[in-house]
Amino acid sequence: MKRLVVLGSTGSIGTQTLEVVREYPEAFSVKALAAGRSVQQMEAQIREFRPDYAVMWTQEAAGDLAARVRDLPVQVLCGMEGLLQIAALKDYDILLTAVVGMIGIRPTIAAIEAGKDIALANKETLVTAGHIIMPLAQKCGVQILPVDSEHSAIFQSLNGEPKNRIEKIWLTCSGGPFRGKKKEELENVQVEDALKHPNWAMGRKITIDSATMVNKGLEVMEAKWLFGVDYDQINVVVHPQSIVHSMVEYQDGAVIAEMGAPDMKLPIQYALFYPDRVPLRIPRKRADFYTLKSLTFEAPDTETFTGLPLAIRAGRTGGTMPTVYNAANELAVAMFLEKKIGFLKIVELIGKAMEHHQAVPEPDVEQILAAEQETYEYLKGLF
């Protein structure tokens with residue numbers, strides 16, 4: 001039985017992870033859960049999965065939760081200190097990190113140093129600190145198991161093949177709700193429009209990132225670290241049907257792809273059971289090749305969706321520049337969701353933050369977090 005620590009347990013990936021756990025009680029137990037401020041939802045998870053520890057981000061939320069579950073033998077912790085404490089526990093097997101943002105870096109490092117495998121759904125950890133995370137994982141003999149559907153597809157397509165035979169990675173994307181539109185058509189789009197993803201059910205922030213294609217830019221940077229390839233070897237291709245989740249092209253011209261109906265539980269389950277592949281218990285739609293009329297592919301429109309080439313520029317620059325890209329996007333998306341800025345302003349602010357920043361090469365964690373804070377302060381100063 002694998003014992004899990006789940007960071008971000010009340011979010012989209014976290015709740016779907018617990019759905020998998022619910023369907024395989026003989027395979028998993030939950031050692032600890034962590035969330036932000038969703039006290040009522042966390043209480044329900046504690047009562048069902050009976051973890052030894054629960055972490056809430058704020059002291060207020062932790063106090064509220066502790067009062068609600070005082071009848072249960074669970075220790076309620078708070079903030080980054082609590083996240084680090086549960087990440088470093090000895091008696092568990094795998095940490096699934098699904099928190100949003102750079103908050104995931106330090107707990108991931110703590111878990112790796114404790115010898116725990118990482119099921120990674122927090123892409124910001126590798127985007128901003130891949131130069132720290134991947135060598136540390138190798139040193140500690142820890143597996144980094146991708147949970148993003150695209151990176152899981154690449155991971156699966158690499159099974160049994162030497163990585164030094166990769167010619168290209170084809171990273172697919174649906175194109176989001178605004179595929180085919182030009183900039184002038186996006187001037188007045190509303191939050192509600194941007195949240196209407198055609199294929200995937202995701203959290204609000206990542207859904208907006210998909211609409212801007214910033215999410216794909218972050219995934220390009222993540223793929224560079226996960227699979228040890230150069231940026232010249234990563235191609236983004238728009239695939240509106242979201243059936244082909246990504247592909248690996250090898251030096252001999254063969255292309256191996258992972259395909260299936262769009263459902264995040266599949267890559268979650270694959271990461272948790274790896275290296276096993278178990279029968280499907282959770283009812284979910286399957287790809288039906290008798291009714292599937294076509295699979296289409298097209299180049300991304302990088303003139304309209306400039307967040308993608310900006311991400312590649314940030315990745316090639318390296319150092320703290322990917323942190324600035326990510327931090328600027330986080331703040332800009334939050335402002336857009338609060339209807340304080342327009343949709344196109346998101347990527348505009350990312351570009352301004354990158355132009356303003358002098359990249360620090362090979363930053364340590366403190367320098368990464370300092371670059372994040374400096375980016376927030378610079379952008380807030382523009383308003």
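The order of the peptides 354-365, 5-16, 76-87 by mean Cβ neighbours within 10 Å, most packed first, is 5-16, 76-87, 354-365. Only aspartates and glutamates eight or more places from Lys183 in sequence, or on another chain, were considered; those with a Cα closer than 14 Å are Asp301, Glu303, Glu348.
Report note on the peptides 116-125, 329-338: ranked by the mean count of other C-beta atoms within 10 Å, highest first, their order is 116-125, 329-338.
By DSSP, the beta bridges lying fully in the chain are antiparallel in about 25 percent of cases. So what's the gap between the Cα centers of segment 264-339 and segment 36-61, to the nearest angstrom? Here the answer is 28 Å between Cα centres.
Distance between the 7 Å Cα→Cβ label points at Leu292 and Ala261: 1.2 nm. Considering only segment 151-317, what is the antiparallel percent among its DSSP beta bridges, to the nearest 5? Taking every DSSP beta bridge within segment 151-317, about 65 percent pair in antiparallel fashion. Pairwise alpha-carbon distances in the chain exceed 38 Å for 15% of all pairs.
Here each label is just a point 7 Å from Cα along the line to Cβ, and for Lys182 and Phe383 those points are 3.0 nm apart. Peptide packing: for 56-67, 102-113, 273-284, the average count of neighbouring Cβ atoms within 10 Å per residue gives the ranking 102-113, 56-67, 273-284, highest mean first.
Where a number appears in this text, it was derived from the coordinates with a stated rule and is not lab data. These numbers were taken from a predicted model, which means no experiment stands behind them. Methodologically, a virtual Cβ is constructed for each residue, glycine included, from the backbone with ideal geometry; neighbour enumeration extends over all protein chains shown.
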